[in-house]
Amino acid sequence: MSLLVVGSVAFDAVETPFGKRERMLGGSATHFSLAASFFTDVRVVGVVGSDFGESEMEVFRARNIDTSDLERVESGKTFFWRGRYDFDLNTAHTLDTQLNVFADFQPKPSDAAKGSRFVFLGNIQPDLQREVRESVRGAELVALDTMNYWIESARESLIKTIGVVDVMIINDAEARQLSGEANLHRAAAKVREMGPKTLIIKRGEYGAAMFSDAGYFAIPAYPLESVFDPTGAGDTFAGGLLGYLASHETIDDATMRRAMIFGSVMASFNVEEFGTERVARLTHEEINERFRTFKRMTHFDEIPFERTGR
Ligand code: AMP
């Protein structure tokens, strides 16, 4: 197996200006693994409760996602998150977080999971992220996501986890909050000093930026006229990005740049409908079409300007 994800598998209740869902499949590991499954084999480490049904499991099975490391606690309930988005769809307002089975979760990755080449530490308590990271000793590349909830409530532990990863993937508000710097370039430098060689900052409808030893690379978001539900966009981006990387033998800056585009392409589909609905029925043709559009949208020729006639 090439790509392992640990993260939340959840029920989400979401309200946006365009609609509302009281209970739908969500969670960082769910969105991530669905997106990554278009590029590589994915295995999920996580926990669900007895309320997690066959129809939810079927969403994973239909994409050949390995759920043998997804623990089921019969005496508990699945993680639950309730959020609201106003017209600024870049900002999620958390109304309720119920950790439920995540409160006592002890990740126990199988031997197969421990042999993964790539690892994504999705948004969960940072001690759990670090435990998983340490159990996959031979991983070639480990990436990390987090959120304001953990930056506030578990800062020390989070900083330790940031110290043992290669790539960090967070949004602009989180980069500012974590570093205490308003300027994004300064914020990026501070976060990179904490450990990760590469920092990827998601900027919602404004795209994404990558800071690494190779320099600075930034892309716009795919231009969409209708965005219904941004929940999971960040994890879907990370899933496309790491899934693409995991499909390669070696990774250089050019691969990383293309991976950013595939991440954005996947996120663009995710936000078009509620929850996992759109990504679950996506085709490779649709993915490649948006990839080509990205190329056209951002390409320009290098023709140095010379003023003539004077
Ligand atoms: P994002 O990709 O950042 O939009 O992440 C959305 C997902 O994160 C939702 O499907 C939620 O179930 C999940 N989530 C929200 N809060 C937390 C939390 N504190 N810990 C783990 N997962 C969370």
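Tabulated values for the structure
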{"quantity": "Condition met for Asn148 (out of contact with any Cys (no Cβ under 7 Å at 6 or more places or on another chain), surrounded by fewer than 16 Cβ atoms within 10 Å (Cβ to Cβ), over 22 Å from Lys108 (Cα atoms) and not small (Gly, Ala, Ser))", "calculated": "yes"}
{"quantity": "Segment 63-108 - residue that is among the aliphatic types (A, V, I, L, M) and either in contact with a helix residue (DSSP H, G or I) (Cβ under 7 Å, 6 or more places away or on another chain) or closer than 16 Å to Asp12 by Cβ (or both) and, of those, surrounded by the fewest Cβ atoms within 10 Å (Cβ to Cβ)", "calculated": "Leu95"}
{"quantity": "Wholly within segment 164-266, strands (runs of 3 or more DSSP E) carrying at least 1 residues that are crowded, with 17+ Cβ neighbours inside 10 Å and over 13 Å from the mean Cα position of the chain (by Cα)", "calculated": "198-202, 208-212, 215-219"}
{"quantity": "Residue satisfying condition, being touching a residue at least 60 places away in the same chain (Cβ under 8 Å), more than 11 Å from the ligand (Cβ to nearest atom) and of a type in the set (A, V, I, L, M), within set Val42, Val73", "calculated": "Val42"}
{"quantity": "Of the criteria (1) in contact with a strand residue (DSSP E or B) (Cβ under 9 Å, 6 or more places away or on another chain); (2) more than 14 Å from the ligand (Cβ to nearest atom), which one Lys190 fails", "calculated": "(1)"}
{"quantity": "Single match in Asn171, Asn148 (criterion: free of Cβ contacts under 8 Å to residues at least 40 places away in the same chain and of a type in the set (S, T, N, Q))", "calculated": "Asn148"}
{"quantity": "Test: residue in segment 135-143 that is at pLDDT 95 or above, assigned to a strand (DSSP E or B) and in contact with a Lys or Arg (Cβ under 7 Å, 6 or more places away or on another chain)", "calculated": "yes"}
{"quantity": "Residue tally, condition without any contact (Cβ under 8 Å) to a residue 60 or more places away in the chain, more than 12 Å from the ligand (Cβ to nearest atom) and more than 11 Å from Val5 (Cα to Cα), over segment 115-135", "calculated": "5"}
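The values are calculated or read from the model by the stated rules, or taken from the named source; none is laboratory data. Just so it is clear, the structure is predicted and the values come from calculations on it, not from any experiment. Virtual Cβ from ideal backbone geometry, glycine too; neighbours counted across all protein chains shown.
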